[in-house]
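Down below is the structure, laid out as structure tokens.
Bear in mind that the values in this text are calculations on the coordinates, not laboratory data. Keep in mind that this is a model prediction, so the values were computed, not measured. Positions of Cβ are generated from backbone atoms using ideal geometry, with glycine treated the same way; all protein chains shown enter the neighbour counts.
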Amino acid sequence: MTNPPRLLSVNVAVPASFPVRGRHVRTGIFKEPVSGRVALTRLTLAGDIQADKRYHGGPDQAVYVFPSEHYAHFRRALGRPNLAFGFFGENFTTEGLHERAVRVGDVYRVGSAVVQVTKPRSPCFKMGLKAGSQAFVGALLESRRLGFYLRVLEEGDVGAGDAIARISTDAGAPTIAEDIERRYFGRPSAGASGG
């Protein structure tokens, strides 16, 4: 029997930068766990930054979720046994919310907030810079362990340990895993076609 979904860690970032081709590129990928309750607004968590809003943030990418279950795989792949929650730039590190079980459009209550699943993450070059190898971006994509984004339907506050309760789902909608296959690997989504 699996445990009900829950929020293990809430992670926020302070501004940082990478040197890239002679210039500094701002990033919000360096996220660290915070304690206590954190306000979740329509666009972000209190205290978090989204450095490049062309690609990160906005109503449909207000929160990035990454399943904690993937950490064991990447600790081995990167040879970094102490890889800490927040490494992938996620706002929420969760338990029990795998891409194969979560559908686009699912609505969840987390703490006093209500959120909706929008789409999978698209790995970017900043993840490669953080991991120390641009090859890691391709490896992350190939692993299909990408996590997903949420929009905020009702603002509220969240904290580590909160239950994540599904309010609604559409059995005909694709799972995040199916959406990853469609978006990045050119395979049709079984859920979207009703199959």
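Only helices enter the 222 nm calculation for the chain: every DSSP H run of n ≥ 4 contributes -39,500 (n - 2.57), and dividing by all residues gives -5000 deg cm²/dmol, rounded to 500. Once both labels are positioned 7 Å from their Cα atoms along Cα-to-Cβ, the gap between S17 and A72 label points is 4.1 nm.
By the count of neighbouring beta-carbon atoms within 10 Å, fewest first, T27, T118 end up ordered T118, T27. For the pair F125 and A165, label points projected 7 Å from Cα toward Cβ lie 4.5 nm apart.
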